Amino acid sequence: MPGQIPLIGEKFPEMEVKTDRGVIKLPDYFVEKGKWFVLFSHPADFTPVCTTEFVAFAKRYEDFQKLNTELIGLSVDNSFSHIKWKEWIKEKLGVEIPFPIIADPMGEVAKKLGMIHAESGVVTVRSVFVVDNKGVIRAILYYPLDVGRNIDEILRLVEALQLNEKYGRALPANWPNNEIIGDNLIVPPASTEQEAAERMKQFKCFDWWFCYEDKATAEEKEFARKALKRVANCQ
């Protein structure tokens with residue numbers, strides 16, 4: 001369907017984009033390196049909320065790299081603006097932005113990805129695309145102009161998606177601090193009567209359709225807990 005934005009589970013659309021580090025081709029630029037990537041848009045450079053987000057992304061950049069994940073920003077500003085804004089952030093706030101920003105002054109990329117704000121028609125909302133190392137979109141988030149994103153939750157989301165792929169298990173709400181099953185992972189539902197009958201003998205279960213097990217490593221759990229602690233402590 002013409003004009004339809006990409007959906008979770010679909011391939012990220014191939015495109016060449018201009019950044020403050022030159023022209024790159026998505027998603028190949030990251031996929032060829034075996035990397036996941038998080039593409040996030042912001043309304044404009046030199047704006048307060050966006051500045052706080054970029055500093056937060058930069059401070060967590062090493063954590064994203066531990067998850068084999070790169071970052072790339074986007075706005076309708078040009079590369080000159082991106083470069084100058086990065087310089088301002090480093091000079092005034094002492095934080096270096098270590099990832100590229102897409103320059104999209106005509107809004108072509110933003111429109112293709114459904115990032116344009118309905119009220120203005122030109123400003124990009126705070127959207128997030130999480131793309132895996134095969135170029136498949138694994139998650140999409142949208143935030144309004146006036147509310148900054150929780151970067152640690154995006155970090156936790158990326159780890160959760162990778163654990164789901166690694167173990168074939170679902171992750172509960174607030175993992176690894178879930179109110180019901182703690183840091184356990186959820187076993188996929190049974191698909192046959194025989195499998196359902198055996199479920200409660202194989203795993204810890206509330207019922208055959210709700211079973212769980214301690215699958216993730218201590219290191220993986222601690223990584224997510226550190227992110228949640230930063231959220232709670234605002235650090």
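For the reader, a short list of remarks on this structure follows.
- Some residue of the range 74-88 being modelled with pLDDT under 95 and of a type in the set (S, T, N, Q): yes
- Against the conditions (1) in contact with a Lys or Arg (Cβ under 6 Å, 6 or more places away or on another chain); (2) within 19 Å of V130 (Cα to Cα), L113 satisfies every one except (1).
- Residues that are under 13 Å from P13 (Cα atoms), assigned to a strand (DSSP E or B) and not β-branched (V, I, T) within the range 122-137 comprise just one, F129.
- Restricting attention to the range 154-178, the residues being of a type in the set (K, R) and touching a residue at least 24 places away in the same chain (Cβ under 8 Å) number 2.
Matching residues to (1) assigned to a loop (DSSP other than H, G, I, E, B); (2) out of contact with any strand residue (DSSP E or B) (no Cβ under 8 Å at 6 or more places or on another chain); (3) at pLDDT below 95; (4) of a type outside the set (S, T, N, Q):
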| position | (1), (2), (3), (4) |
| --- | --- |
| S120 | yes, yes, yes, no |
| N174 | yes, yes, yes, no |
| A196 | no, yes, yes, yes |
| M200 | no, no, yes, yes |
| C205 | no, no, no, yes |
| K221 | no, yes, no, yes |
| A227 | no, yes, yes, yes |
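- Flag if D146 is under 20 Å from the mean Cα position of the chain (by Cα) and buried (at least 20 other Cβ atoms within 10 Å of the Cβ): no
- Residue that is within 30 Å of T124 (Cβ to Cβ), buried (at least 16 other Cβ atoms within 10 Å of the Cβ), in contact (Cβ under 8 Å) with a residue 24 or more places away in the chain and β-branched (V, I, T), where the choices are I151, I181: I151
- Beta carbons closer than 9 Å, at least 6 apart along the sequence or on distinct chains, pair a first residue in the range 3-23 that is without any contact (Cβ under 8 Å) to a residue 12 or more places away in the chain with a second that is surrounded by 11 or more Cβ atoms within 10 Å (Cβ to Cβ) and in a loop (DSSP other than H, G, I, E, B) for Q4/G114; G22/P100.
- Matching residues, the range 165-178, being polar (S, T, N, Q) and either crowded, with 18+ Cβ neighbours inside 10 Å or more than 18 Å from the chain's Cα centre (by Cα) (or both): N177, N178
- So E179, is it out of contact with any strand residue (DSSP E or B) (no Cβ under 9 Å at 6 or more places or on another chain), over 25 Å from L71 (Cα atoms) and of a type outside the set (V, I, T): yes
The values are calculated or read from the model by the stated rules, or taken from the named source; none is laboratory data. Predicted model only: the values in this text are computed from it and were never measured. Virtual Cβ from ideal backbone geometry, glycine too; neighbours counted across all protein chains shown.
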